[in-house]
Amino acid sequence: MTIRRKIKSAVDGDTFKTYRKINGTNYVRIAGINTPERGERGYSSAKAQLNRLAGKTVTLVPQGRSYNRVVADVRYHRKKIM
């Protein structure tokens, strides 16, 4: 199953919020990516990089759920976000 959603904003470097919910939540964690947490070196740049996609539509392939977020492979213009 693939889902298309527009990114509202980055929460951090590997999680973003969508305008429309997916399975009851607006939060998506990018599968296979682990970026620095708040307060760690590189956090701001990782979040800024993901935030560049705000307003853009991405394609999601949900893999599961974690901490009230959908975990999904995410593609933008057919390229996997890494």
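Restricted to the range 36-61, and to residues there that are in a loop (DSSP other than H, G, I, E, B) and out of contact with any strand residue (DSSP E or B) (no Cβ under 9 Å at 6 or more places or on another chain), the residue that is most open to solvent (accessible area, probe 1.4 Å) is ARG41. Is one or more of the residues making up the range 15-26 of a type in the set (A, V, I, L, M) and out of contact with any helix residue (DSSP H, G or I) (no Cβ under 9 Å at 6 or more places or on another chain)? Within the range 15-26 (the criterion being of a type in the set (A, V, I, L, M) and out of contact with any helix residue (DSSP H, G or I) (no Cβ under 9 Å at 6 or more places or on another chain)), the answer is yes, since at least one residue qualifies. Looking at the range 12-31, can you tell me whether even one residue there is hydroxyl-bearing (Ser, Thr, Tyr) and free of Cβ contacts under 8 Å to residues at least 40 places away in the same chain? The answer is yes, given that some residue of the range 12-31 is hydroxyl-bearing (Ser, Thr, Tyr) and free of Cβ contacts under 8 Å to residues at least 40 places away in the same chain.
Could you grab me the full set of residues in the range 1-39 that are of a type in the set (D, E, K, R) and at pLDDT 95 or above?
Kept after step one, since they are of a type in the set (D, E, K, R), are these residues of the range 1-39: 4-6, 8, 12, 14, 17, 20-21, 29, 37-38.
Result: ARG4, ARG5, LYS6, LYS8, ASP12, ASP14, LYS17, ARG20, LYS21, ARG29.
The values are calculated or read from the model by the stated rules, or taken from the named source; none is laboratory data. Keep in mind it's a predicted model, so treat the numbers as computed, not measured. Every residue, glycine among them, receives a Cβ derived from its backbone with ideal geometry; neighbour counts consider all protein chains shown. We work out accessible area using only protein heavy atoms, side chains counted, and drop any ligands, DNA or RNA first. Shrake-Rupley method; radii C 1.70, N 1.55, O 1.52, S 1.80 Å.
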